[in-house]
Every structure is written in structure tokens, then in C-alpha cells.
């Protein structure tokens, strides 16, 4: 999901030990990289590519027209809409195709233009696409527990205080940085008890792993983004349940039943539907395989790298996490150095969300976890987000298992030498 970062830009005074680290690029493609940053984006699924190709060459009609080419595009979009609706557990008329997760989030939080009256509410660990519009509208943030789940008692208190002034409640299905899953049914129970403001869930990270037809059923508004589950970039969905008031965010030609104007990205919509269908078809097998890989990776790191912790899974119970999520904090290293050296050694990773990678300050997610008593998040340590995806392999995991301990040791040795020689 693309969004303006909410962190300071990274500085560029990396030490000599890491300056110049880079991944090789061969004939326009990144060479020999273990991709451990699937939470940022995923590779296009072959099913999505095959579905899109006819609409990139030949079947190029604009579905707003009336001739044969346009009618062909209309049929393709309608079929994709029906497929997406069935997979997300909603009616076709409740599906609004967007440019991505950010647009879907902003539309849900604001209610369109003019903005929905009242005070929006969100959890303190939301993606900036939710958190920033909530803040700009004078909204309220709700604390989370030490694992990153919204504090239901705190939510209840905020909604009691606001009363009917609460305009929308936004709680993500799963966190994009640490991978914690929220109990949306429990959240919805609190919201309904305290006035019934519409419930929105940013399900962008969850869509690849969780059955949103079940998990997101309590929410009136649901955001997803295709490139997080093997679809193309630049395509998203906002589910708007019947009876949920929503003005258009983008006015114009009246596409998407007047809720989102703009020429429909036919190839992107078709590719998104195909990717989601493949995701749902393979989900059970993929989840088991990837969770096993994640656990092997995490257990090995905890056992072999001193001062390394899983941020939101201090023990062996990881049932509250997405299968591909592995967020670590590591003592004695700097996030920028760590990422640069991992990159040089062929491992793609991040320190926070894809909208804040390279940031030198603790993310708002870790700050919220620390405030709730999470010692790993509160420590003065580097943070590292390793995220697996539908096509992650044993070979990629073996690469990071070999590289990370050596990189951490190298950084610590460099720091110790610099401290012992006055930094020379």
C-alpha cells in the first residue's frame, strides 16, 4: 500500500563498513535476491498475468462506452466484480474498485467529500493511510496491548466519551509491521454496543492469509490491495456494505455506481480478481507451509543470535500472527546498517512498514507497543521486519539464516572497534 511516510527521512552518513552496499541489477532485473519483504509487495501471480494479458493488447475497450470493445470490457469488469465479491463475502454491488489500499482507506475514514461529520476513531497502530486522515480530521487514537491488538476496554471508553459524535471506527484486520491479528468480531461488539458507528477494517495485509469473508464480515467497510496477494500494483477494493452511507471521494464520470469516478483499470481489475481467486484456492496449503518456514527461521535466530527477540511473540505461541510475519528487535546494531548489509548480501528486508523503510526513529507501531509494556519494542535496538509470501522458498530462508547472524556479528565488531579507538 502506498502512502506518504510518517517518519523522518533516513540520513545518509552510514559508516565505512556499510557504505556502498547495493544489490546488483542485471538487464533491468534485480539479481539473486532472497525476498523477505513480501509485506511491502508480492510478485505477480501467473494467474493474474495470464488474466491481464488480453486486456493489455487487443481487448483495450473503455467500459464506459457502448460499442463492442466497450461491452467486452464491461463484461470483464462485471465478471471480476462478481468473483471478488464471492471471495470477500459481499454482494457485487458492494465492491468498489480503487487505485489501491490507500485510496480505499482514505475513502472509508473520511466518508468521501465533503467528509463525514463527527469524530473518526482508529487504533494507535494503523497504517498511515488510516492514521493520517484520522489525525487531520481531529480524530481519536485507541491504545493497543503489548502484542499490538486494539485494547477493547480503551476503545469502549473512547466511544462512551464520544457518544453519537463517533463517525467511524477503523481497526486493521492485521498489522502491516508486526503481523498481529485483531479480533474484529470483538471490536464490532464494542462498537455496536456504543452507538454503532460504521466499522472499517484495513485488511490489506490480512487478505493474503485470512478468509476475509469470515474475518471481515463484522465490518461495514473493508479495504484490500491487489499487490499484497500477487495481483498488480495500482488496484484495490473498498467493500461498502449496503446501507453504509458513503459520498464519492473522486467525482467525475460516475463510475462504480457513482462512488468512484475515473476510467476503470480493466486489466488491473481482472488481474486482481484472478490473484485473489488463486490466493483463496491455495490458502490452506500456503499458510501451513509458510508458517513452518517462518517458525524455523524465527527459532533459529532466537537460538543463535544473542540479543535478538521476536517483538510480538516472546514464546512459541504465534497463533496471533499472520503466517508470514516475523518482526525482530536486535541489540547492538543500527537498522540502517543492518538493512544495507543485508541488501548487499542479497536479502531484501525492511525495518518497519514499506512506507517508512529506513526510518531512523522508532515507528509509531513500536512506540505504541512499548507504551503497553512490550520490552522488546521499548529497547534501544534495531527493528527488522522479515515477511514471507506465497512464493517464498526454503532457499530464500536458508539465505537469510546464513546471512543475518554474520551481518549482526560484523556490525557489532565494527562498533566495538570504533568505540575502542575513539571512532577512528
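Read-outs throughout are calculated quantities, based only on the coordinates presented, and are distinct from any laboratory measurement. Since the structure is predicted, the reported quantities are computational estimates derived from the model, not experimental observations. When we count neighbours, we look across all protein chains shown, and the Cβ atoms used for this are built from the backbone with ideal geometry, even at glycine.
Would you mind calculating the gained length between residue 115 and residue 156 on full extension (0.36 nm times residue separation, minus the Cα-Cα distance), in nm to one decimal?
On the way: separation 41, 0.36 × 41 = 14.76 nm, distance 2.41 nm.
Gain on extension, residue 115 to residue 156, equals 12.3 nm.
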Taking the 0 to 90 degree range and rounding to the nearest ten, how far is the long axis of helix 152-162 tilted relative to the main principal axis of the chain, both from C-alpha atoms?
50
Give me the angle, in degrees from 0 to 90, between the Cα long axis of helix 335-344 and the longest principal axis of the Cα atoms of the chain, rounded to the nearest 10.
90
In whole Å, what are the extents of the range 195-297 along the principal axes defined by its C-alpha atoms, from largest to smallest?
50, 40, 21
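Would you mind classifying the range 272-424 by shape? Square roots of the alpha carbon gyration tensor eigenvalues, ordered a ≥ b ≥ c; an a/c under 1.5 is rounded, otherwise it is prolate if a/b is larger than b/c and oblate if not.
Values: a/c = 1.93, a/b = 1.63, b/c = 1.19.
Verdict is prolate for the range 272-424.
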Only Cα pairs within less than 10 Å get springs; with that Gaussian network setup on the chain, which residue of 67, 414, 364 has the largest fluctuation?
67
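Tally the DSSP beta bridges in the range 46-278 and give the antiparallel ones as a percent, rounded to 5.
Values: 11 of 23 bridges.
If we restrict to bridges inside the range 46-278, about 50 percent are antiparallel.
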Binned at 10 Å starting from 0, the alpha-carbon pair-distance distribution of the range 114-174 in whole percents comes out as 24, 56, 19, 1
Which of 126, 79, 396 comes first, and how do the rest follow, when ranked by fewest Cβ neighbours within 10 Å?
79, 396, 126
Round to the nearest 10 and give me the degree value, 0 to 90, for the angle of helix 394-420's Cα axis relative to the longest principal axis of the chain.
50
Under a Gaussian network model of the chain whose springs join Cα atoms within less than 10 Å, the largest fluctuation of 163, 315, 254 belongs to 315
Convert 10 °C to kelvin, take the viscosity as 1.306 mPa s, use the Kirkwood radius over C-alpha pairs of the range 45-158 as Rh, and evaluate the Stokes-Einstein diffusion coefficient in µm²/s, rounded to a whole number.
92
Rounded, prolate or oblate (a/c below 1.5 giving rounded, otherwise prolate when a/b exceeds b/c) for the range 61-109 by Cα gyration tensor
oblate
Kindly provide log₁₀ I(q)/I(0) values, in the same order as q = 0.09 Å⁻¹, from the Debye equation applied to equal alpha-carbon scatterers of the chain.
-0.57
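Rank these for me by crowding, 53, 94, going from fewest to most other beta carbons within 10 Å.
On the way: 53 14, 94 22.
In increasing order of surrounding Cβ atoms, one gets 53, 94.
Give me the Kirkwood hydrodynamic radius of the range 46-278, using the inverse of the mean 1/r over all pairs of distinct Cα atoms, in Å to one decimal. Could you put the intermediate results ahead of the total?
Working: mean 1/r = 0.0561 Å⁻¹.
By the Kirkwood definition, the hydrodynamic radius is 17.8 Å.
Arranged by the count of other C-beta atoms within 10 angstrom, fewest first, what order do 107, 200 take?
On the way: 107 27, 200 32.
Taking fewest neighbouring Cβ atoms as first place, the list is 107, 200.
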